[in-house]
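Just so you know, all these numbers are worked out from the coordinates, no wet-lab data involved. Nothing here was measured: the structure is a model prediction, and the numbers come from that model. With ideal geometry, Cβ positions are generated from the backbone for all residues, glycine too; neighbour counts draw on all protein chains shown.
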Amino acid sequence: MPSLSKTTPASDGLPECDAGVLERTAPLYEKVRDVVPEAEWPLHAPLVDAINRLKIERNAVILAHNYMTPEIFNCVGDITGDSLRLAQVAAEAEQDVIVQAGVHFMAETAKILSPDKTVLIPDLEAGCSLAASITGEDVRRIRAAYPSYPIVTYVNTSAEVKAESDICCTSSNAVQVVEAVARQWGTDTVIMIPDEYLAKNVASQTGVRILTWKGDCEVHEKFTRAEIEQLRIEHPDAMIITHPECPPEVLRAADFAGSTGAMSSFVAEHRPAKAILITECSMSDNVAVANPGTQFIRPCNLCPHMKRITLRNIYEALRDLRFEIDVPAGVAQRARVSLQAMLDLPGGCKPPAFDTSRPETRADYVSV
Ligand code: 13P
Ligand code: SF4
């Protein structure tokens, strides 16, 4: 158990660290000791302890995305996973309060799927470059220009954008959604917005023609093929595992690609001696906790939006029941149809992978 070298000062009514806190949180520290420095634990422990007590008092559940820092993901998250898993759980949550330890579109998704619950986001500014790349008005213009093609919208979008769409997808089910909706509409062409790279990566996995939008994830667009090739030279024994929000040439240079949930399952199943996760930084920490036998090389990029969520603002969210997500009823009702269409598709037992050996296929941009 880490010791208290000096009393951690309480400020702004935050809980203090004492020997009782350290004792109660010691089993949680054991889980994360390889990725959270011992000197930092007295700062985290009182918040972890208070959050876990407040959750019971408030009848709350914390949904923590795979990109949360390890002390959030492992020590206060009740349900953890990728965007699809968190949406599925939000739709069925029994608690009165859902705290989204993730970004704004995830909290909106939870509210749309569980309208009677109090849904909280610890920081309202936790956005997403993909969600910011497109508006409801943009989708209305796309619809007017291409009335006979279905619109598949990535969950990384606002409620208003989802409301203008036919069906949502996540990186976990994007190929399946595109193929299902093409069949339903009897078309060979589907519009998939707003992530151009996810759309191009899906295009390479299916015969369906895809038209897309020029939105990008500011975390994954930074990775380059040259960087992956250099990593391959430096670590020839490592499994290179990437996310489909990366450019297609990055996927082609990798061993595996899939949603954050699929990346995690791949490591658990294959137990590589060395792995490189081409994605947001906290992901390696969290997968490392679950897979102590694997060594992780970390050429990661930070998501500034995910990193706005901290133990402190989760504590404040639960203490003050803030910041509550509200989606106007009309928008929520139409967005729910798109989300539900996705959730109603039959799911497999594990998130599917992208075949990184398939050649790149063209995906053109919508012209509006
Ligand atoms: P998934 O967890 O669904 O793979 O999404 C990754 C992401 O970037 C979420 O913002
Ligand atoms: Fe958005 Fe990318 Fe951050 Fe995910 S990692 S929230 S897609 S900017």
For region 86-155, which GluC sites (Glu not before Pro) are both in a DSSP coil and crowded by at most 14 other Cβ atoms within 10 Å? 94, 125
Mind giving me the nanometre distance, one decimal, between the label points for residue 295 and residue 344, set 7 Å out from Cα along Cα→Cβ? 5.1 nm
Could you pull out which residues in region 325-341 have an amide N less than 13 Å from a spot 7 Å beyond the Cα of residue 124, following the Cα-Cβ vector? 325-327
For region 129-259, I need the span (max minus min coordinate) of the C-alpha atoms along each principal axis, in Å, sorted largest to smallest. 50, 29, 20
How big is the dipole moment of region 113-209 about its Cα centre under a simple scheme where the beta carbon of each Lys and Arg is +1, that of each Asp and Glu is -1, and everything else is neutral? Debye, nearest 20, please. 300 debye
Dipole magnitude of the chain about its Cα centre (Cβ charges: Lys, Arg +1; Asp, Glu -1), debye to nearest 20: 540 debye
What length, rounded to one decimal in nm, is gained on full extension from residue 270 through to residue 367, with 0.36 nm per residue of separation minus their alpha-carbon distance? 30.6 nm
With θ set to phi - 60° and the Karplus curve 6.51 cos²θ - 1.76 cosθ + 1.60, what are the ³J(HN,Hα) couplings of region 48-64 in order, to the nearest whole Hz, using x for Gly and Pro? 4, 4, 5, 4, 5, 6, 4, 4, 5, 4, 8, 6, 10, 10, 9, 9, 10
Amide H neighbours of residue 119 at under 5 Å, excluding residues fewer than 5 places away on the same chain, with H built from the backbone geometry, are 98, 325
Share of alpha-carbon pairs per 10 Å distance bin for region 85-145, given as whole %: 22, 42, 27, 9, 0
Farthest toward positive dipole pole in the chain [+1 Lys/Arg, -1 Asp/Glu at C-beta], among 73, 48, 169: 169
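Working out 0.36 nm times the residue gap between residue 95 and residue 57, then minus their Cα-Cα distance, what length gain in nm do you get to one decimal?
Full-extension gain reported as 12.6 nm.
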Out of 147, 21, 215, whose Cα points farthest toward the positive end of the dipole of the chain (charges: +1 Lys, Arg; -1 Asp, Glu; placed on Cβ)? 147
Please provide three numbers in whole Å: the alpha-carbon extents of the chain along the principal axes, with the largest listed first. 65, 53, 32
Counting lysine pairs in the chain that sit 8 or more positions apart or on different chains, with Cα atoms under 23 Å apart, gives 18
How much length would be gained if the chain were fully extended between residue 140 and residue 23, taking 0.36 nm per residue of separation minus their Cα-Cα distance, in nm to one decimal? 36.5 nm
